[in-house]
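Only one structure is covered here, and it is reproduced in the block below.
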Amino acid sequence: MGEHVKFATKLGIIATTVGSAVGLGNIWRFPYEAGMNGGGAFLMVYILCVLVLGIPVMCAEFIIGRHSKSDTVDAFRKLRPGSRWHYIGYIGILASVLILGYYLVISGWTLEYLFRAITNDLTGKTAAEFRAEQNAFIQSDLRPLLWTYIFLFINYIILSRGVQKGIEKMSNILMPLLFVILLVFCVRSLTLPGSSEGLSFFLHPDFSKITPQVIIRAMGQAFFSLSLGMGILITYSSYFTAKTHLIKTATTVAILDTSVAILSGIIIFPAVFSCGLDPVAGPDLVFVTLPNVFNQMPVSALWSTLFFLLLTVAALTSTVSLFEVSIAFLINYLNMSRKKATRIMMLVIAVLSTVSSLSIGSWSDIRIFGKTLFDACDYFSAIILLPVGGLLISIFIGWFLKKNISREELTNRNKLHEPLFSAIFFCIKYIAPIIIILIFLSGFGII
Ligand code: PFF
């Protein structure tokens, strides 16, 4: 059933793919990673990773998805029958489930903050009060879970309606809204007094801050932000039409996604500096530092409502894509109806996110390699599984799949630019694998 579905329009193809890419990764994760890993230096390495690794690996996923028109496991089976390459598909499913486990919890937090902003509960507080309230909230057992389940339910409504009526329709409405809110914030943040210090922290690279650790984190962030390495874009591109220009789509998605990450930095750092706060706040940056920033502005309830609405919208279009990987797999592989597949996935993720949310609260004693379950899911999936997935996908396309299939897909059967194909193929075959391996080796201290 999943096999013959297509996105209805060109706009839908871009909106859904950008919707998957633009998420908490851009607005929540990117600014704090940049803040903790050298500001401008991180940004520069990040952009290089997007250009050299992100766009080629995205094209590789598009080739696999559109050519096979199947889910992420079956795609490899069709392209290389009888081989073990389809294990990459299983790695992808594992990574998407692990990411969903904690991503949904944070999405639940955004709903809590949206609710508090709307009910004017984020005004008139001190920085210490914001921190204390955030700690009390995330460590409590019930309330974060309640919001997580509400967020799950919203996902269920969209996903059970299917590819065109659910995913595509939602993205066509929400993505333009997201860009409008972002632009409003940019203007607001840049007109704050003292914003230039924040801008310079974010935009001026200090090369001495580039270490192997910074590079490996920037690579992980690029894969995470572009939704790469886990078969999401294999699944989405199986819904592309024969006319979709894959290289152009990959470049547009990468540019829009990176712009949102940069815009988030431009919004957050000037505001943080202008209020004399600390940019190295880590994951709490948007939940503790930013409400504090809005609190010091006139009509603060409006700004915090808009911001948390932005975060919720971004999170929703990404969680839907994370779910779609496994749902498409269940539909194809077990011949399930979409509704049933969606229900099963909701149940699995409800259990996982419950455990991951409690691991911040009453179960915080349970540790994996010294990390809480929540942090372990983030580290293991974003820093390790995604780049490994990307590495295997590029090796598969570069070295094992017939080159003609890649040519056919990237040039739409020889209708488009051949030199561009050669350049991208070169990156997929040589540059991406070598660089990913080198970054791993140096990041883990082996070279
Ligand atoms: N790209 C999304 C973000 O930046 O928030 C999150 C995400 C979606 C990560 C899909 C990974 C993924 F496969």
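Overview of values
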| quantity | calculated |
| --- | --- |
| FRET efficiency for His417 and Val348, using Cβ-Cβ distance with R0 set to 45 Å, rounded to 0.05 | 0.55 |
| Whole-Å distance, taken between Cα centres, linking the range 238-272 and the range 136-180 | 20 Å |
| Accessible area of the chain belonging to carbon and sulfur atoms, whole % at 1.4 Å probe | 68 percent |
| Exposure rank, largest accessible area first [Val5, Val45; 1.4 Å] | Val5, Val45 |
| Whole-Å semi-axes of the range 383-439's equivalent ellipsoid (Cα gyration tensor) | 24, 11, 9 |
| Probe 1.4 Å, all protein chains present, accessible-area order of Glu33, Glu418, largest first | Glu418, Glu33 |
| Local electrostatic count at Trp147 - Lys and Arg +1, Asp and Glu -1, tallied over other residues with Cβ under 15 Å | -2 |
| Degrees separating the helix 169-190 axis from the principal Cα axis of the chain, which is the longest one | 40 degrees |
| Degrees, to the nearest 10: 212-225 long Cα axis against longest axis of the chain | 70 degrees |
| Alpha-carbon Debye profile of the chain, log10 I(q)/I(0) at 0.08, 0.09, 0.11 Å⁻¹ | -0.42, -0.54, -0.82 |
| Cβ-based net charge around Gly361, under 13 Å, with every Lys or Arg adding one and every Asp or Glu removing one | -1 |
| Hydrodynamic radius by Kirkwood, which averages 1/r over all alpha carbon pairs of the range 164-279, in angstrom | 16.8 Å |
| Cα-based shape type of the range 310-447, given that a ≥ b ≥ c are square roots of the gyration tensor eigenvalues and the cut on a/c is 1.5 | oblate |
| Whether the range 1-140 is rounded, prolate or oblate, judged on the alpha carbon gyration tensor where a/c under 1.5 counts as rounded | prolate |
| Residue-normalised accessible area of the chain, given per residue in Å² at a 1.4 Å probe | 38 Å² |
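The values are calculated or read from the model by the stated rules, or taken from the named source; none is laboratory data. Model, not experiment: these values are computed from the prediction. Positions of Cβ are generated from backbone atoms using ideal geometry, with glycine treated the same way; all protein chains shown enter the neighbour counts. When the accessible area is computed, the model is the full protein with side chains, heavy atoms only, and any ligands, DNA or RNA have been set aside. Shrake-Rupley method; radii C 1.70, N 1.55, O 1.52, S 1.80 Å.
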